[in-house]
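**Q** Before we start, here is the structure in question, set down as structure tokens.
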Amino acid sequence: MAAAASTSTAAAVVFIHRLPVSKLGAILSPLPNRQSLYSPQLKGTTRYPGVLVKASSSDESSLDSNGLFADLKEKWDAIENKSTVLTYGGGAIVALWLASVVVGAVNSVPLLPKILELVGLGYTGWFVYRYLLFKSSRKELVEDIEEVKKKITGTE
């Protein structure tokens with residue numbers, strides 16, 4: 001039994017020895033072989049031009065936390081009805097939680113999410129046909145949007 005084990009080990013060693021180096025890493029390691037970022041092959045290449053990272057030793061940050069907190073404190077102090085703001089904020093959080101519960105309940109009903117998906121696709125098709133397909137209807141959509149903007153801002 002020991003002779004068989006040593007024979008298979010010797011065969012495996014000979015087999016690994018004859019493989020190229022890239023295959024050797026694939027056999028011995030469960031992870032895929034990756035080149036190092038510091039290898040001379042990748043130096044100066046434009047393989048990933050948008051992923052160039054440069055370290056900086058300066059203590060400056062693009063986000064000034066002290067200035068941000070000062071601005072927030074100044075705005076909070078300028079608010080006269082703090083209880084109203086807190087009530088609206090709490091109401092918004094409760095509304096988000098309630099919407100999440102309703103969506104979860106609807107999603108758990110079999111076949112209903114697929115039906116609602118079809119309704120959404122149908123409405124999207126209708127909207128594209130009604131407002132986006134023709135030039136005159138696009139102008140009408142822009143006019144409607146401008147009218148709603150004026151109503152919201154109170155300039156009408």
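**Q** Only residues that are assigned to a helix (DSSP H, G or I) and either open to solvent by less than 60 Å² (accessible area, probe 1.4 Å) or not charged (D, E, K, R) (or both): list them for segment 101-116, please.
**A** Answer for segment 101-116, where residues must be assigned to a helix (DSSP H, G or I) and either open to solvent by less than 60 Å² (accessible area, probe 1.4 Å) or not charged (D, E, K, R) (or both): V101, V102, V103, G104, A105, V106, N107, S108, L112, P113, I115, L116.
A quick yes/no check of all residues on (1) β-branched (V, I, T); (2) out of contact with any Leu (no Cβ under 8 Å at 6 or more places or on another chain); (3) at negative phi:
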position: A105; (1), (2), (3): no, yes, yes
position: V109; (1), (2), (3): yes, yes, yes
position: K114; (1), (2), (3): no, yes, yes
position: G122; (1), (2), (3): no, yes, yes
position: R138; (1), (2), (3): no, no, yes
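Conditions (1) more than 29 Å from the chain's Cα centre (by Cα); (2) open to solvent by 80 Å² or more (accessible area, probe 1.4 Å), marked per residue:
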| position | (1), (2) |
| --- | --- |
| I79 | yes, no |
| I93 | no, yes |
| L118 | no, yes |
| L121 | no, yes |
| R138 | yes, yes |
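**Q** Taking the condition of being charged (D, E, K, R) and either in contact with a helix residue (DSSP H, G or I) (Cβ under 8 Å, 6 or more places away or on another chain) or outside any helix (DSSP H, G or I) (or both), how many residues in segment 117-156 meet it?
**A** 4
**Q** Does E74 qualify as being outside any helix (DSSP H, G or I) and exposed (fewer than 10 other Cβ atoms within 10 Å of the Cβ)?
**A** In short, no.
The values are calculated or read from the model by the stated rules, or taken from the named source; none is laboratory data. Source: prediction; values computed, not measured. Glycine also receives a Cβ, built like all others from the backbone with ideal geometry; neighbour counts cover every protein chain displayed. Each accessible area value is taken on the protein alone, full model and side chains, heavy atoms only, with ligands, DNA and RNA left out. Shrake-Rupley method; radii C 1.70, N 1.55, O 1.52, S 1.80 Å.
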